[in-house]
1. Please identify the trypsin sites (Lys or Arg not before Pro) of the range 211-260 that satisfy two criteria: DSSP loop assignment and at most 11 other Cβ atoms within 10 Å. Which are they?
2. Can you compute the charge dipole magnitude of the chain about its Cα centre, using +1 on each Lys and Arg Cβ and -1 on each Asp and Glu Cβ, nothing else charged? Give it in debye, rounded to the nearest 20.
3. Given contacts defined as C-alpha pairs under 8 Å and at least six residues apart, what's the relative contact order of the range 1-62, whole-number percent?
4. Along the charge dipole of the chain, pointing to its positive end and built from +1/-1 on Cβ of Lys, Arg, Asp and Glu, which listed residue (Ala19, Ile60, Tyr107) has its Cα farthest out?
5. Relative contact order of the range 194-293: what whole-number percent is it, with Cα pairs under 8 angstrom and at least 6 residues apart?
6. 222 nm [θ] for the chain, helices only, -39500 (n - 2.57) per DSSP H run of 4+, per residue, to 500?
7. Please give every one of the aspartates and glutamates within straight-line cross-link reach of Lys219, meaning a C-alpha to C-alpha distance under 13 Å, and leave out same-chain neighbours fewer than 8 residues apart.
8. Let's see if you can work this out: charge +1 on each Lys and Arg Cβ, -1 on each Asp and Glu Cβ, no other charges. What is the dipole magnitude of the range 111-248 about its Cα centre, in debye to the nearest 20?
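Just so it is clear, none of the values below were taken in a lab; they were calculated from the coordinates. In this text, all values refer to a predicted model and were calculated from it rather than measured experimentally. All Cβ positions, glycine included, derive from the backbone under ideal geometry; neighbour counts span all protein chains shown.
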Amino acid sequence: MESVQKKRMLRIKSPEDMARFVKEQKKAGRTVGFVPTMGFLHEGHLSLFQKAVETSDCVIASVFVNPTQFGEREDYINYPQDTERDARLAEEAGVDALFLPDESAVYPNGTAVTVKVNEKTDVLCGRSRPGHFDGVATVLTKLFTIVQPDHVYFGMKDAQQVAVVSSLIQAFHFPVKMIPCPIVREPDGLARSSRNVRLNADERKEAAELRKGLEQGMKTLKQGERDFEKIADAVRSYYRGHLKLGKIDYVDVLNYPDLKRNGTVLSGRFIIACAVRYGRARLIDNITGSTAALFSEKEGEV
């Protein structure tokens, strides 16, 4: 049987070349799936690539460390990067084209024109990172305009980002379908993240407690508690007893995806979320679900 050789993944740097590539794909009747990343790929990213390969004819990924979403310049400067490794992993995962623009290509006029997000940003990560989601929305507006995807894939580890990007797509009438993908975890439950490499051995061991704390909130919810703050307090109490190295940034319980507390008791879709700071890393995690599905087999992350 004759083997079919897969085409090599293209590496594209200029927005003009990417636009031409996408135009060719759509002219041929192919749907375009897009996975925007900041690189230093891990299995969470690879799961997004896998979902994109399964549901789109042509898969494009981008690697661009976006300076406008960092609150502290040092964090941006020290963000881990390994372009050759990223390219190899993307190609092995079935990505058809990797977009590798430099800062001047994405921001040809600097920050003369930006996007401001007015809702869903004063809670969770947005509370301690003012301007972060403005930077995310700005760079995605640019990338969506260049790539013109039919589908875009984001991981639910950053559930606030998924909620904000969904609003961005709706607000600017982008003809793109958002496809949220489940959190990918290590065997001990830690959500996979590019920042995990910054943990020392003791911090890495303790970080597995983040997920267990969120599960304590779920347990409290299953036992019938519906007060937002009491569910959050159950998570905080667990962390106070189990986190010796990490410092709690926030623990919160909100309705999802509007990221508010609708009414005095929790009902409908929800998120139980946390952020914990270690010496060189800030980790986030969450569980999302629905009160209607709490006791069904489908209960869990969505």
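1. Lys244
2. Details: 44 positive and 41 negative charges, 43 e Å.
So the dipole magnitude of the chain works out to roughly 200 debye.
3. Relative CO of the range 1-62 lands at 34 percent.
4. After comparing all options, I get Tyr107.
5. Values: 164 pairs, mean separation 29.1, N = 100.
Result for the range 194-293 is 29 percent.
6. Taken over the chain, the calculation gives -11500 deg cm²/dmol.
7. Within the straight-line limit of under 13 Å, Lys219 reaches these aspartates and glutamates: Asp233, Glu299.
8. The calculation lands at about 240 debye.
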